[in-house]
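Before any comments, here is the structure.
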Amino acid sequence: MRVTVNRKAHFNAAHRLYNNEWTDARNASVFGKCANPNYHGHNYDLIVSVTGEINPDTGFVMDMKVLKKLIREDIEEQFDHKNLNEEVKEFKTLNPTAENISVVIWNKLRNKIDQNLDLSVTLYETPRNFVTYNGG
Ligand code: NI
């Protein structure tokens, strides 16, 4: 009996999307307002989902206190009120799209969660635009 537990989190962060091998015009064409050289912010909503068997001793798939602390320390405190391009090392050379941010978050959490549990990350960049990564 496999059950999924979910934890919501939130951070505000600034970014700029661009490919430095492209002209400004091409960046503006592909990334639109997200290519603005002066950066801009998003209110990111994050859902971390952990799937596995219910532990018969606790009745938990995973202790949510542990998951909450992991997300707070490893994600929110690292990303909140940061300029992702300038202040988060993973994005020095990686475009901070919602896709890439979700992969970075997944990688940060994966080794800290029991390997018997499956991990999925859903990241909302806007209320209507969101991406999901599950390590595939
Ligand atoms: Ni943007």
One residue is enough: does the range 89-97 have a residue meeting the conditions within 14 Å of the chain's Cα centre (by Cα) and either at pLDDT below 95 or over 20 Å from Tyr39 (Cβ atoms) (or both)? no
In the range 8-28, what count of residues is obtained for those that are open to solvent by 40 Å² or more (accessible area, probe 1.4 Å) and aliphatic (A, V, I, L, M)? 2
Within the range 70-79, does at least one residue satisfy the condition of being exposed (fewer than 12 other Cβ atoms within 10 Å of the Cβ) and of a type in the set (S, T, N, Q)? no
Taking only the range 97-136 into account, find how many residues are exposed (fewer than 13 other Cβ atoms within 10 Å of the Cβ), under 23 Å from Val30 (Cα atoms) and not β-branched (Val, Ile, Thr). 3
So for the range 29-51 (the condition being more than 16 Å from the ligand (Cβ to nearest atom) and loosely packed, with under 12 Cβ neighbours inside 10 Å), does at least one residue qualify? no
Asn85 being within 25 Å of Trp22 (Cβ to Cβ) and surrounded by 14 or more Cβ atoms within 10 Å (Cβ to Cβ): yes
Do we have any residue at all in the range 2-13 that's assigned to a strand (DSSP E or B), within 16 Å of the ligand (Cβ to nearest atom), out of contact with any Cys (no Cβ under 6 Å at 6 or more places or on another chain) and small (Gly, Ala, Ser)? yes
Determine which single condition Arg16 fails, assuming it passes every other condition in (1) of a type in the set (D, E, K, R); (2) within 19 Å of Thr122 (Cα to Cα); (3) within 12 Å of the ligand (Cβ to nearest atom). (2)
Just wondering, is there one or more residues in the range 23-32 that are under 24 Å from Arg128 (Cα atoms) and within 19 Å of the chain's Cα centre (by Cα)? no
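The values are calculated or read from the model by the stated rules, or taken from the named source; none is laboratory data. Just so we're clear, the structure is a prediction, and the values are computed from it rather than from any experiment. Quick reminder, even Gly has a Cβ in these numbers, built from the backbone with ideal geometry, and neighbours come from all protein chains shown. Surface accessibility is based on the protein's heavy atoms, side chains included, excluding ligands, DNA and RNA. Shrake-Rupley method; radii C 1.70, N 1.55, O 1.52, S 1.80 Å.
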